Amino acid sequence: KNLNGSSPVHPALAGKTPEEVVKKYLQKVKSPPEEDCTICMEPLGGPSGYKGPGVGPVSKAESVGRLTQCGHQYHFQCLVAMYNNGNKDGSLQCPTCKTIYGVKTGNQPAGKMEYHVIPHSLPGHPDCKSIRIIYNIPPGIQGPEHPNPGKPFTARGFPRHCYLPDSEKGRKVLRLLLVAWDRRLIFSVGTSSTTGESDTVIWNEVHHKTEFGSNLTGHGFPDPGHLDNVLEELRAQGITEEDALVEK
Ligand SMILES: [Zn+2]
Ligand SMILES: [Zn+2]
């Protein structure tokens, strides 16, 4: 299993233009509603307000699309521009309701994720052992998917140790975290909310417990809702139990 977190582009994407990717998730809209597109804030009945590069002209019949699952409508060109601004990984996320189309990936730098069971219990989980996850990401140079391509980024506090109870639910969270790591969604490059340092490796939306025997930082145990919260955060990234089964 590839756990070095450096497999960005899915082979199925080879040769797919951004327009083709976006079109896959859209239904045609014959008469657009009298509403504004929430990406460009211009009426859906008129042209897209997007004025940047990389988006080709579009016929009137195709100027507005409805996302197939959630039903939200946007200018086609606005969705293409949004796609071009992201990872271009073949996935699209509705900016209104956050429904994910395709498989969302992130921009986590290359590194290593390891885990093992340790024979001690976490506070609040007296009946089981614990899982220790060790993340290691070295500093490096930002790629095109990062905020400042070509500039170095720092990586503070690695290896970072994180803990889960070795219970059924804890192991389920671990399986989904392994999927999140493969999809480069555990860390990102940006500005640290604790230190204010920019161009550094930061956590990305999925909370981890970094304290073992105590809870002095608020990132420890006991925390009865923690595993359910993490499952919810992973779901928001498009990762559910089915993903863990498929990727085995
Ligand atoms: Zn628009
Ligand atoms: Zn939506």
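General observations
- Amide H contacts under 5 Å for Val64, placed H, 5+ residues apart: Val29, Phe76
- In this structure the amide hydrogen of Phe153, modeled in the peptide plane, comes within under 5 Å of the amide hydrogens of Gly140, Ile141, Gln142, none closer than 5 places in sequence on its chain.
- Solvent exposure of Val179, expressed as accessible area, is near 10 Å², computed with a probe of 1.4 Å over the protein chains only.
- Of Lys112/Lys151; Lys51/Lys104; Lys23/Lys172, those spanning more than 29 Å from alpha-carbon to alpha-carbon: Lys23/Lys172
- Accessible surface, per residue, of the range 112-247 when the full set of protein chains is kept, probe 1.4 Å, Å²: 51 Å²
- The chain shape via C-alpha gyration tensor axes, a/c threshold 1.5: prolate
- For the chain, the 222 nm mean residue ellipticity estimated from helices alone, with every DSSP H stretch of n ≥ 4 adding -39500 (n - 2.57) and the total spread over all residues, rounds to -6000 deg cm²/dmol.
- Diffusion coefficient (Stokes-Einstein, Kirkwood radius over C-alpha pairs, 20 °C, 1.002 mPa s) for the range 112-247: 136 µm²/s, rounded to a whole number.
- Shown for the range 112-247: the carbon plus sulfur share of the solvent-accessible area, taken with all protein chains present and a 1.4 angstrom probe, equals 53%.
- Principal axis extents of the Cα atoms in the range 11-101, from largest to smallest and rounded to whole angstrom, are 39, 27, 20.
- Rounded to whole numbers, the Karplus 3J(HN,Hα) couplings from phi for the range 204-216 are 10, 6, 10, 6, 10, 9, 10, 10, 8, x, 9, 9, 7 Hz, using 6.51 cos²θ - 1.76 cosθ + 1.60 with θ = phi - 60°, and x at Gly and Pro.
- Most mobile listed residue (Met41, Met113, Met82) in the chain, GNM with C-alpha springs under 10 Å: Met41
- Taken one residue at a time, the phi angles of the range 121-127 give Karplus couplings (6.51, -1.76, 1.60, θ = phi - 60°) of 9, 8, x, x, 10, x, 8 Hz. Gly and Pro are set to x.
- For the range 153-169, putting each phi into the Karplus relation 6.51 cos²θ - 1.76 cosθ + 1.60 with θ = phi - 60° gives couplings of 10, 9, 9, 8, x, 8, x, 9, 9, 9, 10, 9, x, 7, 9, 4, 5 Hz, in residue order, rounded to whole numbers and with x for Gly and Pro.
The values are calculated or read from the model by the stated rules, or taken from the named source; none is laboratory data. Keep in mind it's a predicted model, so treat the numbers as computed, not measured. All accessible areas refer to the heavy atoms of the entire protein, side chains included, with ligands and DNA or RNA removed. Shrake-Rupley method; radii C 1.70, N 1.55, O 1.52, S 1.80 Å.
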